[in-house]
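K.L.:
Take this structure, written in structure tokens, and hold onto it; I'll ask about it next.
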Amino acid sequence: MSDFSKVLIANRGEIALRVIRACREMGLKTVAVYSTVDEHALHVRFADEAVCIGPGPAKQSYLLIPNLIAAAEITGADAVHPGYGFLSERAEFANAVQKCGMVFIGPDPEHMRVMGDKVNARETMIKAGVPVLEGTTVLESGEQAVEAAKRIGLPVILKASAGGGGRGMKIVWDLEQIPAILQTAQAEALAAFGCGDMYLERYVQSPRHIEVQIVADKHGGVIDLMERECSVQRRHQKVIEEAPAANLPDPVRKAMREAAVAAARAISYHSLGTIEFLVDGDQFYFMEMNTRVQVEHCVTEMISGVDLVQEQIRLARGGKLDHLDRIWGARGHSIECRINAEDPVNFAPCPGTISALHFPGGPGVRIDSHVYQGYTVSPYYDSMLGKLVVHAATREQAIIRMRRALDECVLEGISTNLALHRWIFEQPAFVTGHYDTHFLERNLDPDAIRAKVELHA
Amino acid sequence: MSDFSKVLIANRGEIALRVIRACREMGLKTVAVYSTVDEHALHVRFADEAVCIGPGPAKQSYLLIPNLIAAAEITGADAVHPGYGFLSERAEFANAVQKCGMVFIGPDPEHMRVMGDKVNARETMIKAGVPVLEGTTVLESGEQAVEAAKRIGLPVILKASAGGGGRGMKIVWDLEQIPAILQTAQAEALAAFGCGDMYLERYVQSPRHIEVQIVADKHGGVIDLMERECSVQRRHQKVIEEAPAANLPDPVRKAMREAAVAAARAISYHSLGTIEFLVDGDQFYFMEMNTRVQVEHCVTEMISGVDLVQEQIRLARGGKLDHLDRIWGARGHSIECRINAEDPVNFAPCPGTISALHFPGGPGVRIDSHVYQGYTVSPYYDSMLGKLVVHAATREQAIIRMRRALDECVLEGISTNLALHRWIFEQPAFVTGHYDTHFLERNLDPDAIRAKVELHA
Amino acid sequence: MSDSDSKLPDIAYVSELAKLFKRFHLDELEIETGEQRISMRRGGDSGAGMTMGVPMAAPMTYAAPAPAPSASSSSLPIPVEAEGDYITSPFVGTFYSRPRPNEPSFTSVGSTVAAGQTVCIVEAMKLFNEIEAEFGCVIEEFLVADQQPVEFGTKLYRVRRL
Amino acid sequence: MSDSDSKLPDIAYVSELAKLFKRFHLDELEIETGEQRISMRRGGDSGAGMTMGVPMAAPMTYAAPAPAPSASSSSLPIPVEAEGDYITSPFVGTFYSRPRPNEPSFTSVGSTVAAGQTVCIVEAMKLFNEIEAEFGCVIEEFLVADQQPVEFGTKLYRVRRL
């Protein structure tokens, strides 16, 4: 009933390639979609079929549901993989796919709605006994917000219920300011997300971002594949991820993993999912749930030996988890660097043509990238060129391996963040594994990083 | 005493890169050597220093011991890694390195001498209780050869004591011909190896080539890291290798591994080594021992999680094995394809410039290569462009993954054997794992392979 | 060698020229004196130039619907197009030349179409999108058969602008 | 080499021009006097040609002893060389300008050397290899200091051929 043989990949870049690889290995036909800008992209080359769905701007192509559905219809695709970003967490897209009699490779639209509404998600987690930060439901008034802030203690953070991924948040350090800030925030949220609902939570000043990978089938089976630490961030965007998390006491790890499984069970979730926790010392709190494959899924694959995208597809076909308990066992340590076409210091995206390219190889090195020598990075989309992933027996060895791999990386013709990564891997805070989400922006040393650019020029 | 901090790599191509990677991760400085032809090779770029040692022809550069030693002396290198091929199994080179007070990263010259003389090696193995094929020592006369052949039964194979790697062998199906063939063979051996000694063995008509990876320290510690099957060959050269071997009964595997360890102990061997066995049904026989790192060491690394080159360096420094017993455990299945610049059907080498290059990536794929887009393959050296290695939970999945990876391989401007590999991975004999060393040459289907060239052109 | 007795330039001299011709990647070199003239030229080895784009060009050759672009066009976002004016599909979907199965088609070869006039329907998700001409033109050729799938940019009609 | 008897421009002069030509990315260069005319030209596609080689060129910029080659020269086996004639080292080893520590050096700037005459020693593995001039020439400059390490092809002396 929910079986399928031809998958349309409603995405581009490295994740489209990643899904094509999984489909190939499972004997599934693939349909790529592309904008006129991506005509020469590798996902177009390596798919069995490809359909042009619009011009460069995502709103007119990768985000245009009718064109995507039509592309599936005219190619006879019977399943759709959304990748990450774009429409991957849009319930209406999953809905449209299912309405047209195709399988959406992901959870139910309902799961996306519940978790897309942050206040709703918060309430659900509280019921499930998953720890959340002291906070409120949707705020009715400035007074109510002030009362809550008094009860919780400053600083507090105002969050948009429709936000997420770091968007629509305001930190407040002063009770007087709360009503004013709330008003502006509500207006902004309404403009940005079409919903002005705001809620309030205690603001943690030195948080770590640690998330747990969930794998759930349609028969009630739920397991986790351990955690990933993603605290190296800039502007709330992940730069480096690793698994397992460093310096995480085993009892805390155990409790987090159990809480994540409980969270998934609470909404009878199925497919891949990620429960993001905010970690404050030995305490952890539910932040949000991502109902799709993550950019950083690779580090979990490296330590677990599980092909997560193939799992996701198997689960969408109604497959059971049973076998996983048998085959997987954590092994070693894995780290991922996101290689972006951007200025290594101010993070300004730098489109252009790659004039020279050499990716590292050898033992314990994995490359997931859609670029090649001569590839032109367009200004329309995400600036990520690919992911450099290493695996080794220990975290220390993984760091050494990543340094080696970064030194082998040659990417010319455009500006990249390679120098930033080379610099990060020399920072004591990172090397010792004692860092929080402010590590990068607080320690950023422009001169030192620029120097690395010169060194490898 | 045998510690060192700067390693000269007396080699080129992918293995030079491989050794540089290992040294980098161990914090050792590296010195590359290169011929004028290799001025723009990656091993020159990625080493800390590089010394030009001569013109293109290997005899005047990579095989010229004085220039290599001098390069080590002027750069202050205190250790030399020979890689494979070139001088890697030449006792006089290891000797020269040691005489100059440097550490040779490999076994003692004496080990190379014993194993370099095949008759001597044979006798040594017999003493050690390692099974060898019914055969003789050095043949004194045609009569003696005929007598032996009668005793053993036809067909028999004449081998040069100084040969090896498939060189200097003659199969005999007819007693009358033996004396004549022996004479020519002796003359040829004398010309080729400077030693005319020949011996005789039973000829196995459907042999498999299975070898066991040995890791031995300087303190009597010897372990094996399981076997590799290398039966896909053309002209006695390996084309595809895998670990573990398919369809090998566990008792046989166990016996082979024990025999290999016994062989190494018999000569108090140390460093990495490979015992090559000829397998005839459930019987196995010692063929020869390689006293260096193998091209195909990667498949063992993939299933064992051990970095063999780092191990080799550790052992040369006097390190002990103890830890290995703890850390390694076989996991999954790994296959390696040797990608060569050659005609996919007649194997004629095809030098030239690579005009377009894309290597596969994603989960379970490893690339070891020294080439890049714009690289010129010179006619002076081995035609291998690199190694494509995959790892998966089972052999079946590894085969599927390799098919996927081969389809992602783009290599234009020169002729390569990619089409041959794509074809092999569809052959039932290979897919089911029932193949011997004649599989490739007996089943080679030029038209089918040429068709694959077209398909991916 | 000595060519002193001849007017020919010394061979060593010429070979030195050839060396630097190669070293500095000249495509043309000419030296002239009253009595002597040396000229070197290299064939248009744009080969080097081409290669760079190949990996992008190649893709299209087997997977994609668009025509395989020339190597050099590979980094351009605009697909290679034939000459002339066309009405192309702004949607992905199924092409219909007529409003309903047994009705005449919206237009025909030779007929003149005004800007804004409906020329066909592209159906997607059960939505029948009427496609209008963006400019006044004469229909010269139907390029897509009825109920054939079309993607974004597929040429529906070849036309002559008015 | 001496072209004194011919009207041809000195090769060193031409190569200097070629260097400028390349350094400033000229596409065309022409020089004309009463009796001499030199013209150089390069096709437009050199840009693409350059990029292709970069990954090979780049290596030299930090790892290797040879001078960083121009991007476009990268696929050539011949290393970029300065102009003029040289005596280069046929071995890897240590350079000695004199037979023994307190003896005069084999030769000196300005002195004339016959083909086959020993000009220095390169020591490798305790072997003292006497290096001989391959052609008659005048020593114009010592390029390597005593006991300095040299590799294959290292320039030892700048000379003027006779």
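K.L.:
Of everything in the range B:292-301, what is among the aliphatic types (A, V, I, L, M) and crowded, with 24+ Cβ neighbours inside 10 Å? Give them in sequence order.
P.N.:
B:Val293, B:Val299
Each row is one residue, and each column tells you yes or no for (1) over 17 Å from A:Lys452 (Cα atoms); (2) of a type in the set (Ser, Thr, Tyr); (3) at pLDDT 95 or above.
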{"residue": "A:Arg395", "(1), (2), (3)": "yes, no, yes"}
{"residue": "A:Ile399", "(1), (2), (3)": "yes, no, yes"}
{"residue": "A:Arg404", "(1), (2), (3)": "no, no, yes"}
{"residue": "A:Asn417", "(1), (2), (3)": "no, no, yes"}
{"residue": "A:His421", "(1), (2), (3)": "no, no, yes"}
{"residue": "A:Thr432", "(1), (2), (3)": "yes, yes, yes"}
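K.L.:
Look through the range B:136-170, keep the residues that are among the charged types (D, E, K, R) and within 30 Å of the chain's Cα centre (by Cα), and return whichever of them is surrounded by the fewest Cβ atoms within 10 Å (Cβ to Cβ).
P.N.:
B:Arg167
K.L.:
From the list C:Gly93, C:Gly84, C:Gly110, C:Gly116, which residue is within 10 Å of chain A (Cβ to nearest Cβ), at pLDDT 75 or above and in contact with an Asp or Glu (Cβ under 9 Å, 6 or more places away or on another chain)?
P.N.:
Exactly one of C:Gly93, C:Gly84, C:Gly110, C:Gly116 is within 10 Å of chain A (Cβ to nearest Cβ), at pLDDT 75 or above and in contact with an Asp or Glu (Cβ under 9 Å, 6 or more places away or on another chain), namely C:Gly93.
The rows are residues; the columns are (1) within 19 Å of A:Phe425 (Cβ to Cβ); (2) facing another protein chain (nearest Cβ under 7 Å); (3) at pLDDT 95 or above.
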{"residue": "A:Leu324", "(1), (2), (3)": "no, no, no"}
{"residue": "A:Trp328", "(1), (2), (3)": "no, no, no"}
{"residue": "A:Asn340", "(1), (2), (3)": "yes, no, yes"}
{"residue": "A:Phe347", "(1), (2), (3)": "yes, no, no"}
{"residue": "A:Ile354", "(1), (2), (3)": "no, no, yes"}
{"residue": "A:Pro363", "(1), (2), (3)": "yes, yes, yes"}
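K.L.:
Quick check on the range C:98-153: of everything there that is in contact with a Ser or Thr (Cβ under 9 Å, 6 or more places away or on another chain) and of a type in the set (Asp, Glu), which residue is surrounded by the most Cβ atoms within 10 Å (Cβ to Cβ)?
P.N.:
C:Glu151
Table: residues versus (1) surrounded by fewer than 24 Cβ atoms within 10 Å (Cβ to Cβ); (2) over 15 Å from A:Ile210 (Cβ atoms).
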{"site": "A:Met226", "(1), (2)": "yes, no"}
{"site": "A:Glu242", "(1), (2)": "no, no"}
{"site": "A:Asn247", "(1), (2)": "yes, no"}
{"site": "A:Pro251", "(1), (2)": "yes, no"}
{"site": "A:Leu272", "(1), (2)": "no, yes"}
{"site": "A:Ile275", "(1), (2)": "no, no"}
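K.L.:
Also, I was wondering about something else. Taking the condition surrounded by fewer than 22 Cβ atoms within 10 Å (Cβ to Cβ), touching a Cys at 6+ places or on another chain (Cβ under 7 Å), of a type in the set (Ser, Thr, Tyr) and under 30 Å from B:Pro55 (Cα atoms), does B:Ser378 pass?
P.N.:
no
K.L.:
Checking the condition more than 12 Å from chain B (Cβ to nearest Cβ), in a strand (DSSP E or B), over 13 Å from the mean Cα position of the chain (by Cα) and modelled with pLDDT of 90 or more, which residue from D:Glu134, D:Glu123, D:Glu130 passes?
P.N.:
On inspection, the qualifying residue turns out to be D:Glu130.
K.L.:
B:Ala263 fails exactly one of the following numbered conditions: (1) more than 19 Å from B:Glu89 (Cα to Cα); (2) assigned to a helix (DSSP H, G or I). What is the number of that condition?
P.N.:
(1)
K.L.:
Additional query: Quick one: count up the residues across the range C:23-45 that are at pLDDT 65 or above and not in a strand (DSSP E or B).
P.N.:
Total meeting the criteria: 8.
K.L.:
Sort through A:Gly101, A:Gly116, A:Gly106, A:Gly129 and tell me the only one that's small (Gly, Ala, Ser) and within 14 Å of chain C (Cβ to nearest Cβ).
P.N.:
Just a single option satisfies the conditions, and that option is A:Gly101.
K.L.:
Another question, then. Given the conditions (1) outside any strand (DSSP E or B); (2) in contact with a Cys (Cβ under 8 Å, 6 or more places away or on another chain), report the number of the one that A:Glu336 does not fulfil.
P.N.:
Only one criterion is unmet by A:Glu336, namely (1).
K.L.:
Continuing with this model, one more query. Return the pairs, sorted by first residue and then second, in which the second residue is β-branched (Val, Ile, Thr) and assigned to a loop (DSSP other than H, G, I, E, B), the first residue lies in the range A:415-432 and is closer than 17 Å to A:Pro446 by Cβ, the beta carbons are less than 8 Å apart, and the residues are 6+ apart or on different chains.
P.N.:
Hits for this filter: A:Leu420/A:Val345.
K.L.:
Here is a further query. Counting only residues that are surrounded by 20 or more Cβ atoms within 10 Å (Cβ to Cβ) and facing chain D (nearest Cβ under 8 Å), give me the strands (runs of 3 or more DSSP E) lying completely in the range B:17-86 with at least 1 of them.
P.N.:
In the range B:17-86, the matching strands (runs of 3 or more DSSP E) lie at B:29-35, B:49-54.
K.L.:
Continuing with this model, one more query. Go through the range B:57-88 and report how many residues are in contact with a strand residue (DSSP E or B) (Cβ under 7 Å, 6 or more places away or on another chain) and among the acidic types (Asp, Glu).
P.N.:
Matching residues across the range B:57-88 total 1.
K.L.:
In the range A:155-174, which residues are within 14 Å of A:Arg202 (Cβ to Cβ), in contact with a helix residue (DSSP H, G or I) (Cβ under 7 Å, 6 or more places away or on another chain) and hydrophobic (A, V, I, L, M, F, W, C)?
P.N.:
Scanning the range A:155-174 gives A:Val156, A:Leu158, A:Val172.
K.L.:
Would you mention how many residues in the range A:299-313 are in contact (Cβ under 8 Å) with a residue 60 or more places away in the chain and more than 18 Å from A:Ser88 (Cα to Cα)?
P.N.:
Count: 7.
K.L.:
Answer yes or no: is there a residue in the range B:383-396 that is assigned to a helix (DSSP H, G or I) and more than 14 Å from chain C (Cβ to nearest Cβ).
P.N.:
yes
K.L.:
Scanning for something touching a residue at least 60 places away in the same chain (Cβ under 8 Å) and of a type in the set (Lys, Arg), does the range B:32-45 turn up at least one residue?
P.N.:
No, the range B:32-45 contains no residue that is touching a residue at least 60 places away in the same chain (Cβ under 8 Å) and of a type in the set (Lys, Arg).
The values are calculated or read from the model by the stated rules, or taken from the named source; none is laboratory data. Because the structure is predicted, anything quoted here is derived from the model rather than measured. With ideal geometry, Cβ positions are generated from the backbone for all residues, glycine too; neighbour counts draw on all protein chains shown.
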